[in-house]
Each structure stands twice: as structure tokens, then as C-alpha cells.
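Reading through the C-alpha cells given below for one structure.
Read-outs throughout are calculated quantities, based only on the coordinates presented, and are distinct from any laboratory measurement. Because the structure is a prediction, the values reported are computed rather than measured. Counting neighbours? That spans all protein chains shown, and the Cβs are built from the backbone with ideal geometry, glycine included.
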Amino acid sequence: MILVGTDLVETERMRKAIERWGERFLFRAFTPEERSYCQGKSRPHLHFAARFAAKEAVLKALGGGVGYLEIEVLNDSRGAPVIRLPQRLRSQFRVAISLSHTRSYALAFALVEGKELEKKH
């Protein structure tokens, strides 16, 4: 079965959250590799917003049961975004993710193929 999740984040809202909560927020929502990637950009809040949208999109598709730090948004060798799930979910699910952002919004679209889900339905 294929599940879909999408999320839209206002980039200014992400910038304000980072400004207000700083490292406390970033350490709760993003892995060290994600933080390093985003903080290396000229406008980090745009990239944090896109990764946050991706995590939310995956959570929506999966129906919960996983935390923000368990969904890692990385880049493959070509720079395309990829999702790394926790080991306990890797054999059950495959995720395809698409990210986009402007100065105002970040959008993520997740397609999740689930083996377990086919047995339940």
C-alpha cells in the first residue's frame, strides 16, 4: 500500500522559532547531520523549514509512532533529499520525499510504501 503525507511550513515562523528557542529547539527536532547541513547554508531557516516539513509529511503518512529525531532527512550523492528511518522501520517501509522552498514557504511531499500495511488491510 502507498501512503501519502504532505506539509507546508512558513519559513518566517521557522526563523522565529530558531531565534526564540535556539539550540533547544534544533536539538529536539534535527539530528547532528541535519543541523550541520542547514547551518552551513546562507539562510539556514529555509533549509530547516524544508526538513521540518519533510519530517511532518513522513509522520502524517506513517500515522505517527515515530519521533522527529528518528526521521532523518539527508542528501544522496546527487544532492537529492532522502529519508532515513530508524532500523525498526526500514524493513517495513520505503519512503520517497520531495522538498521545495521559497523565501516564504517550505513544502514536502512524502510517498511511503508499506509492506506491513498490506497485511492489515
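May I ask for the Kirkwood hydrodynamic radius of the chain, worked out over all distinct Cα pairs and given in angstroms to one decimal?
Final number for the Kirkwood radius of the chain is 14.5 Å.
Between region 32-83 and region 91-111, how far is it from one alpha carbon centroid to the other, in angstrom?
8 Å
Give, in nm to one decimal, the length gained when the segment between A96 and W21 is fully stretched (0.36 nm per residue of separation minus the Cα-Cα distance).
Computed gain between A96 and W21 is 24.0 nm.
With unit charges on the beta carbons (Lys and Arg positive, Asp and Glu negative) and the dipole taken about the Cα centre of the chain, which residue among L107, P32, G64 sits farthest to the positive side?
Comparing the listed Cα positions along the dipole, P32 ranks first.
Quick check on the exposure proxy: order T11, T31, T6 from fewest to most C-beta atoms within 10 angstrom.
T6, T31, T11
Give the peptides 90-101, 44-55 in descending order of average Cβ contacts within 10 Å, highest first.
44-55, 90-101
Which value at 222 nm does the chain reach when only helices count, each DSSP H run of 4 or more adding -39,500 (n - 2.57), with the total divided by all residues and rounded to the nearest 500 deg cm²/dmol?
After summing the helix terms and dividing by residue count, I get -14000 deg cm²/dmol.
Using the membrane-span-like helix rule (whole DSSP H runs, Cα extent along the own axis of at least 18 Å, mean Kyte-Doolittle hydropathy at least -0.5), which helices of the chain qualify?
44-62
Suppose every Lys and Arg Cβ carries +1 and every Asp and Glu Cβ carries -1, with no other charges. What dipole size does the chain come out with about its Cα centre, to the nearest 20 debye?
So the dipole magnitude of the chain works out to roughly 120 debye.
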